[in-house]
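Here is the structure we will look at.
Nothing in this text is a laboratory measurement; each read-out follows from the coordinates by a stated rule. Source: prediction; values computed, not measured. All Cβ positions, even for glycine, are placed from backbone atoms using ideal geometry, and neighbour counts span all protein chains on display.
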Amino acid sequence: MLYGNTGAANFSHVEGHTDHGVDLLFLWDAEGRLTGLVINLACTSQETENLNEISADFWHDVREELRKRHGADLAVFPQCSAAGDQSPHPIYRKQAERTMDARRGLSRRQEIARRIANAVDDVLPVSLVVLRADRPEAGKAAENAVKDAEHAASAIWLLAENIAQAAGAEPKSGAGDSARERLYAALEHPYRRWLASLLPGVDTDRARAQWQQLISEITKPIVDEVISSASPSAWVGREVRSHLVNVALAEA
């Protein structure tokens, strides 16, 4: 059954695969202006059905929304990847989706277009900085900034894991993964803002130092919480692989 009632008492789950990816290919002219993009979705363009007409369906609304944001001459080439029976129709939360569409004053096709355009805008600033061949120093600074974040994430992972093991947990308890994910989530928007600041003429060494300081400021409260939530047994510690592990040693 393609469009079953998910509210039925005998409904368990949707079988099969769901692909939420939005794959993008950007094109710029020699002056650095965005001229086009390829958008690949694992979703058929059949939001509007039972019509006797030729229609681009939601891809028309996608083009309209992106051209409104990025220029009337923007070329948009849509692709449908291996989608099977996946369709844009809501299966879960149908009433909630209809309510939000009505509050925004959008049709379902326009809402799909808004989400796709938001996905484009989410990636575009990163692409502009990292992939511009005429500004390799900015791309290198962006790559180094990611490495700085990864270094901090590795340190906080190790801290949380050591504290968890000091309290009696097994290796790879998940405590490190949780702390690392929190740090990445906290860094996401600051990183995008920092990336947008890499304008022509900016001192990238100074910008990287500012980013490293920002990482330190964002990391500290997460570290403090990991330490403050440690159990009494973690402060006492225990031997792990013939070495004493406790909060004080983990923090050091």
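With contributions of -39500 (n - 2.57) from each DSSP H run of at least four residues, the per-residue ellipticity at 222 nm computed over the chain stands at -18000 deg cm²/dmol. Put in line by how crowded their Cβ is, counting other Cβ atoms within 10 Å and starting with the fewest, Trp235, Trp211 read Trp235, Trp211. Here is the list for segment 52-105: chymotrypsin sites (Phe, Trp or Tyr not before Pro) lying in DSSP coil, each with at most 14 other C-beta atoms within 10 angstrom of its C-beta, are Tyr92. Residues considered: Asp203, Asp61, Asp224. Largest GNM mean-square fluctuation over the chain, using C-alpha springs under 10 Å, is found at Asp224. Taking springs between alpha-carbon atoms closer than 10 angstrom, which of Ser107, Ser127, Ser228 fluctuates most in the Gaussian network model of the chain? Of Ser107, Ser127, Ser228, the Gaussian network model singles out Ser228 as fluctuating most. The antiparallel fraction among DSSP beta bridges confined to the chain stands at about 60%. Convex hull volume of the C-alpha atoms in segment 52-191, normalised per residue: 219 Å³. Which of rounded, prolate, oblate describes segment 132-200, given a ≥ b ≥ c as roots of the alpha-carbon gyration tensor eigenvalues and a/c under 1.5 marking rounded, otherwise prolate only if a/b is larger than b/c? It is prolate, given that a/c is not under 1.5 and a/b is the larger ratio. Summary of the geometry: segment 189-247 and segment 45-99, compared by the centres of their Cα atoms, lie 41 Å apart. For the chain, the longest principal axis of the C-alpha atoms and the axis of helix 58-70 are separated by about 70°.
Of all beta bridges that DSSP places with both ends in segment 22-130, some 55 percent have antiparallel geometry. Averaging over all projection directions, the Cα-based convex hull of the chain occupies 20.1 nm² in the image plane. Placing +1 on the Cβ of every Lys and Arg and -1 on the Cβ of every Asp and Glu, with no other charges, gives segment 65-142 a dipole of roughly 340 debye about its Cα centre. Against the main long axis of the alpha-carbon atoms of the chain, helix 136-166 sits at an angle near 50°.
Listed by chain and number, the aspartates and glutamates placed with their C-alpha closer than 12 angstrom to that of Lys172 are Glu161; residues fewer than eight positions away on the same chain are left out. For segment 98-117, list residues with backbone N below 19 Å from a point placed 7 Å from the Cα of Ser55 toward its Cβ? Backbone N within reach: 98, 101-102, 105-116.
Local charge for Ser81 was computed over the other residues whose Cβ lies under 15 Å away, with Lys and Arg +1 and Asp and Glu -1, and equals -3. Computed over segment 116-252, relative contact order equals 31 percent, with contacts defined as Cα pairs under 8 Å that lie 6+ residues apart. If you take the square roots of the eigenvalues of the alpha-carbon gyration tensor of segment 157-252 and sort them as a ≥ b ≥ c, do you get rounded (a/c under 1.5), prolate (a/b over b/c) or oblate? Note, shape of segment 157-252 comes out prolate. Entry for segment 52-119 at q = 0.13 Å⁻¹: log10 I(q)/I(0) = -0.43, Debye formula applied to identical alpha-carbon scatterers, no solvent contribution.
Taking all Cα pairs closer than 8 Å and separated by 6 or more residues, the relative contact order of segment 22-130 comes to 31 percent.
For the chain, the longest principal axis of the alpha carbon atoms and the long axis of helix 204-228 meet at an angle near 70°. In segment 43-193, Cα pairs under 8 Å separated by at least six residues give a relative contact order of 19 percent.
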